[in-house]
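The values are calculated or read from the model by the stated rules, or taken from the named source; none is laboratory data. Note that the structure is a prediction, hence the values are computed from the model and not measured. Please note: Cβ atoms are built from the backbone with ideal geometry, for glycine as well, and neighbour counts cover all protein chains shown.
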Amino acid sequence: MCQNCKKPYYITTAIAYTSGKPHIGNTYEIVLADSIARYKREQGYDVRFQTGTDEHGQKIELKAEEAGVTPQEFVDKVAGEIKTIWDLMNTSYDKFIRTTDADHEAQVQKIFKKLYDQGDIYKGHYEGMYCTPCESFFTESQLVDGKCPDCGRPVQPAKEEAYFFRMSKYAQRLIDYINEHPEFIQPVSRKNEMMNNFLLPGLQDLCVSRTSFKWGIPVSFDPKHVTYVWLDALTNYITGLGYDCDGQNGELFDKYWPADLHLIGKDIIRFHTIYWPIFLMALALPLPKQVFGHPWLLQGDGKMSKSKGNVLYADTLVDFFGVDAVRYFVLHEMPFDNDGVITWELMVERMNSDLANILGNLVNRTVSMTNKYFGGVVEKTGVTEDVDADLKAVVLEAVKKADAKMEKLRVADAITEIFGIFRRSNKYIDETTPWTLAKDEEKKARLSEVLYNLTEAITIGASLLASFMPETSEKILKQLNTEKRSLDQMTEFGLYPSGNKVTEKPEILFARMDIKEVLEKVEEMKKAEAAAAGAAEEKPEEPGIDIEAKPEITYDDFAKLQFQVGEIIACEEVKKSKKLLCSQVKIGSQVRQILSGIKAWYTPEEMVGKKVMVVTNLKPAKLAGMISEGMILCAEDAEGNVVLMQPEKDVPAGAEIG
């Protein structure tokens, strides 16, 4: 039995933010994590692989408002897109957690309360510069050229009541832990950055609640506050295992925590190596064994962004190259500690040289020659030469080297070692010239041995490749009519069953591509996307609605009416009416009760939190036995559909409209 059998191994990715469709740089992380998870399973570990989506925050609330949908509808759609791409890339996760899951939200509320009760969280006020995209506060000294130090976007001054976590209470304990556990933060350059830039200069207390938006997990004992992003998002790693703040943990938590590996992008290393460990210390939980901050995958002209127009998506690349070709590229082209680069030209080059030529052509030639010279039968004859020993040595050494690279999470280097097997096999063909041996009947046994060695080398290489290119590995082994080897079985050369028969018709694994044709298709695709975007922006002119004119009034008549912005803080159905909703509307320092005949178009839940336009000096009227102290303004279309009149931008309740 393997030494790692039944040993638990818990690996996570950062949860993807549901602000939009993830690009190939975001997708790289899930593919990287998948390759590590698959390899750990090959090593015999009992792997738990978790990924998911981060779905709360002000940015989501704003994007949902722009899209004209509720925040929940918005995140449901984007989370679906993310999961679809993760599945498209053939990733083998065990759990896809969403921070809007009811069990996660319940535990976050419990965690917040526990940390408050034990004095780690306190109420105060925050004043600083706020970056909405990053959902982070910064001091003036932390800004870079007056902009967000993380994303480079503009920041806005903000002040609000908030709860804070006492980070300084645990800072020295974390410093000691990092010094005592050098493997905790990887690569080492990330560790040095965290220590020198954040921990050693002194930690500021962390804002862990907000009141300026509503799309978040409410603080159970102070509902006007919602839990701020990091205390919500980071805890997914334990709530997804069934952690219970009351001590009734699930079996998965007891089995898999602490995590063996948090795999994240280098841009969020601070949150995972400072905030998260301190939260865990406060909860009296063990820290994850390792946090690995991987580099970025850049477009040829820099970091991908929609504003630059250089975003590449996984599904687009898959349409051009196929799933495993994209997996190979993002895994192989990403250095351990530096950013990688992706371009269409480089993709085509790798497709042609590495995949079509080195790998695909090797398999095709070997299967074809076996069929041509021996009717598909692979037989070991024992007629060896010195060159055979070198091939075997290279193959077995590559297995050891790839395994050693994977232990250090050097995935790109491990793939290079595997392709070393295929490169050496191609060279072996050139050295042994099977086509020449086939011309001499006396050398038929030697030819059979050569083809056996090639088949065995490819079998080992394809088995090693399974963690990185699973579909390709399966296709190769199917053509060779054999099973995938375990890592233990790869330590010996010569296990392919002598007398076995390969497939009669080898499948083309990867077809060569013409770079000119690819770039032309890319240009056509960009033009089509631009045209579609332009068409979306050029909305057809809507026909106006003519209504019966009322008698003219003077300005003095109009001036008698008072219009103000009101905020709906509560709303319920009027039980005696089929049409009316009863809203409690905050206007300045007052709260008024206003009845509106809009039940057919709005639910009470939808009304709460909306800013609306109100006529505030109407004489109170009695409707369905209840007093109405104003009128909420609405618009009605030709079909009789009603919509609330709302201010274009956020303004305080009570602001005068005139």
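Could you please tell me which pairs satisfy a Cβ distance under 8 Å, a separation of 6+ or placement on different chains, a first residue in segment 46-66 that is within 13 Å of VAL78 (Cβ to Cβ), and a second residue that is charged (D, E, K, R) and part of a strand (DSSP E or B)?
GLY52/LYS95; GLY52/ARG98; THR53/ARG98; GLU55/ARG98
I need the full set of residues from segment 1-14 which are hydrophobic (A, V, I, L, M, F, W, C) and buried (at least 24 other Cβ atoms within 10 Å of the Cβ), in order please.
Within segment 1-14, ILE11, ALA14 qualify.
In segment 371-422, what residues are in contact with a strand residue (DSSP E or B) (Cβ under 9 Å, 6 or more places away or on another chain) and acidic (Asp, Glu)?
Matches in segment 371-422: GLU379 only.
Do you know which of the residues in segment 473-489 that are within 34 Å of the chain's Cα centre (by Cα) and in a helix (DSSP H, G or I) is nearest to ALA462 (Cα to Cα)? Lay out the reasoning, then the answer.
Step one: list which residues in segment 473-489 are within 34 Å of the chain's Cα centre (by Cα), which gives 473-478, 483-488.
From the residues that got through so far, the ones that are in a helix (DSSP H, G or I) too are 473-478, 488.
Numbers: SER473: 5, GLU474: 8, LYS475: 9, ILE476: 7, LEU477: 7, LYS478: 10, ASP488: 15 Å.
Step by step, filter segment 473-489, then rank; the result is SER473.
How do the pairs read when you match residues in segment 257-268 that are in contact (Cβ under 8 Å) with a residue 24 or more places away in the chain with residues anywhere that are small (Gly, Ala, Ser) and in a loop (DSSP other than H, G, I, E, B), using Cβ under 8 Å and keeping only pairs 6 or more apart or on different chains?
Short answer, once both residue conditions are applied: HIS262/ALA14; LEU263/ALA14; ILE264/ALA14; GLY265/ALA14; ILE268/ALA14.
Yes or no, residue by residue, for (1) within 28 Å of GLN50 (Cα to Cα); (2) assigned to a helix (DSSP H, G or I); (3) modelled with pLDDT of 95 or more:
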site	(1), (2), (3)
PRO182	yes, no, no
SER189	yes, yes, no
GLU193	yes, yes, no
ASN197	no, yes, no
PRO201	no, no, no
ILE238	yes, yes, yes
GLY242	yes, no, yes
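Here is a yes/no grid of residues against (1) surrounded by 10 or more Cβ atoms within 10 Å (Cβ to Cβ); (2) within 30 Å of the chain's Cα centre (by Cα); (3) modelled with pLDDT of 65 or more:
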site: LYS521; (1), (2), (3): yes, yes, yes
site: LYS526; (1), (2), (3): yes, yes, yes
site: ALA530; (1), (2), (3): yes, yes, yes
site: GLY534; (1), (2), (3): no, yes, yes
site: LYS539; (1), (2), (3): no, no, no
site: GLY544; (1), (2), (3): no, no, yes
site: ILE547; (1), (2), (3): no, no, yes
site: THR554; (1), (2), (3): no, no, yes
site: LEU561; (1), (2), (3): yes, no, yes
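Restricting to segment 96-119, what's the tally of residues that are of a type in the set (A, V, I, L, M, F, W, C), crowded, with 18+ Cβ neighbours inside 10 Å and either assigned to a helix (DSSP H, G or I) or at pLDDT below 95 (or both)?
Qualifying residue count for the region: 4.
GLY654 - would you say it is surrounded by 18 or more Cβ atoms within 10 Å (Cβ to Cβ), closer than 28 Å to PRO223 by Cβ and of a type outside the set (A, V, I, L, M)?
no
In segment 149-171, how many are surrounded by fewer than 17 Cβ atoms within 10 Å (Cβ to Cβ) and out of contact with any strand residue (DSSP E or B) (no Cβ under 9 Å at 6 or more places or on another chain)?
Residues flagged as surrounded by fewer than 17 Cβ atoms within 10 Å (Cβ to Cβ) and out of contact with any strand residue (DSSP E or B) (no Cβ under 9 Å at 6 or more places or on another chain) within segment 149-171 amount to 2.
Hey, TYR428 hits all of (1) loosely packed, with under 15 Cβ neighbours inside 10 Å; (2) of a type outside the set (A, V, I, L, M); (3) assigned to a helix (DSSP H, G or I) but one; which does it fall short on?
All conditions pass for TYR428, except number (1).
Which residue out of MET626, MET607, MET631 is free of Cβ contacts under 8 Å to residues at least 60 places away in the same chain, of a type in the set (A, V, I, L, M) and closer than 24 Å to PRO71 by Cα?
Working: MET626 fails: closer than 24 Å to PRO71 by Cα; MET631 fails: closer than 24 Å to PRO71 by Cα.
Residue meeting the stated conditions: MET607.
So which residues in segment 398-415 are in a helix (DSSP H, G or I) and closer than 19 Å to ASP34 by Cβ, if there are any at all?
ALA402, ASP403, LYS405, MET406, GLU407, VAL411, ALA412, ASP413, ALA414, ILE415
Only residues in segment 309-331 that are under 15 Å from ASN352 (Cα atoms) and among the acidic types (Asp, Glu) count as the first member; pair them with residues that are crowded, with 19+ Cβ neighbours inside 10 Å and modelled with pLDDT of 95 or more, Cβ under 7 angstrom, at least 6 apart or cross-chain, and list the lot.
Matching pairs, first to second residue: ASP324/MET469; ASP324/THR472.
Could you check segment 1-53 and list, in sequence order, the residues that are more than 28 Å from ASP101 (Cα to Cα) and touching a helix residue (DSSP H, G or I) at 6+ places or on another chain (Cβ under 7 Å)?
CYS2, TYR39
Checking ILE342 against (1) at pLDDT below 95; (2) surrounded by fewer than 20 Cβ atoms within 10 Å (Cβ to Cβ); (3) among the β-branched types (Val, Ile, Thr), only one condition comes out false. Which one?
In the conditions (1) at pLDDT below 95; (2) surrounded by fewer than 20 Cβ atoms within 10 Å (Cβ to Cβ); (3) among the β-branched types (Val, Ile, Thr), ILE342 misses (2) alone.
Looking at SER577, SER583, which is the one that is of a type in the set (S, T, N, Q), at pLDDT below 90 and either in a loop (DSSP other than H, G, I, E, B) or over 35 Å from the mean Cα position of the chain (by Cα) (or both)?
SER577
Filter segment 443-472 for residues that are part of a loop (DSSP other than H, G, I, E, B) and either surrounded by 23 or more Cβ atoms within 10 Å (Cβ to Cβ) or not small (Gly, Ala, Ser) (or both) and give the result.
Answer for segment 443-472, where residues must be part of a loop (DSSP other than H, G, I, E, B) and either surrounded by 23 or more Cβ atoms within 10 Å (Cβ to Cβ) or not small (Gly, Ala, Ser) (or both): SER467, PHE468, MET469.
Checking the conditions here, which among TYR93, TYR122 is touching a residue at least 24 places away in the same chain (Cβ under 8 Å), exposed (fewer than 15 other Cβ atoms within 10 Å of the Cβ) and of a type in the set (Phe, Trp, Tyr)?
Numbers: TYR93 fails: exposed (fewer than 15 other Cβ atoms within 10 Å of the Cβ).
Sole residue among the options that is touching a residue at least 24 places away in the same chain (Cβ under 8 Å), exposed (fewer than 15 other Cβ atoms within 10 Å of the Cβ) and of a type in the set (Phe, Trp, Tyr): TYR122.
Select, from THR455, THR459, THR503, the only residue that is hydroxyl-bearing (Ser, Thr, Tyr), in contact with a Leu (Cβ under 7 Å, 6 or more places away or on another chain) and over 24 Å from ALA404 (Cα atoms).
Of THR455, THR459, THR503, the one residue that is hydroxyl-bearing (Ser, Thr, Tyr), in contact with a Leu (Cβ under 7 Å, 6 or more places away or on another chain) and over 24 Å from ALA404 (Cα atoms) is THR455.
Of all residues being surrounded by fewer than 19 Cβ atoms within 10 Å (Cβ to Cβ), touching a strand residue (DSSP E or B) at 6+ places or on another chain (Cβ under 8 Å) and not in a helix (DSSP H, G or I) in segment 133-145, which is modelled with the lowest pLDDT? Just the residue, please.
Only one residue fits best here, namely THR139.
When residues of segment 364-395 are filtered for being farther than 15 Å from ILE429 by Cβ, in contact with a helix residue (DSSP H, G or I) (Cβ under 7 Å, 6 or more places away or on another chain) and assigned to a helix (DSSP H, G or I), how many remain?
Result for segment 364-395: 1.
Would a scan of segment 375-390 turn up a residue that is within 29 Å of LEU261 (Cβ to Cβ), in contact with a Phe, Trp or Tyr (Cβ under 9 Å, 6 or more places away or on another chain) and modelled with pLDDT of 95 or more?
So in segment 375-390, the residues within 29 Å of LEU261 (Cβ to Cβ) come out as none.
No - not one qualifying residue is present in segment 375-390.
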